[in-house]
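Okay, structure first, notes after.
The values are calculated or read from the model by the stated rules, or taken from the named source; none is laboratory data. Everything numeric in this text was worked out from a predicted model, so none of it was measured. No Cβ is skipped: glycine too gets one built from the backbone with ideal geometry, and neighbour counts run over all protein chains shown.
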Amino acid sequence: MPMIDVYATAGTFADTISLAADVAAAVMDVEQVPNIPMFRKNTAAFVHELPAGSIANVDGDSNYVRVQVLTNAGALDRDKQVAVGERLTAIIAAAAGADSLAQRTWVLLTEAPEGGWGLWGHAHTNAELVTAARAEIARQSGA
């Protein structure tokens, strides 16, 4: 159940709700998270609109977007990492209406360490999270 944060200067995106939903759906799709209510409700993206001057590269250019994707350990193999980077970059550029933003979008992929995945008020280990997910999949499929 990935969590995604998008950081950009305020006004970069006209519709942040659609952007958040599109980004969350794309990561869920690439990660191959089952499309069941529990997972849909616990996969979210947060769009952080920062004041002008809050983002800069080493030259002082501020027309960048930073996307951080947090997943449980091992959720994204190398092919999925590449796919997430490509899909999120395309979604960001389209949402901004600026194809050139694809060259200025940074996508960071982060895995939660053992015991570092907080969900339902508890810091789960990766094994606990996988066990809970498998139990919910079985429950939803009637097995």
First in the range 10-37 and under 18 Å from Thr71 (Cβ atoms) and at pLDDT below 95, second anywhere and among the aromatic types (Phe, Trp, Tyr) and assigned to a helix (DSSP H, G or I), Cβ under 6 Å, 6 or more apart: Val33/Phe39
Conditions (1) exposed (fewer than 13 other Cβ atoms within 10 Å of the Cβ); (2) in a strand (DSSP E or B): number failed by Leu70: (1)
Matching residues, the range 86-113, being outside any strand (DSSP E or B), of a type in the set (A, V, I, L, M, F, W, C) and either more than 16 Å from the chain's Cα centre (by Cα) or buried (at least 18 other Cβ atoms within 10 Å of the Cβ) (or both): Leu88, Ile91, Ile92, Ala93, Ala94, Ala95, Ala96, Ala98, Leu101, Ala102
Hits in the range 46-61 (condition: at pLDDT below 95 and surrounded by 15 or more Cβ atoms within 10 Å (Cβ to Cβ)): Ile55
So Val6, is it in contact with a Phe, Trp or Tyr (Cβ under 8 Å, 6 or more places away or on another chain) and under 22 Å from Arg139 (Cβ atoms): no
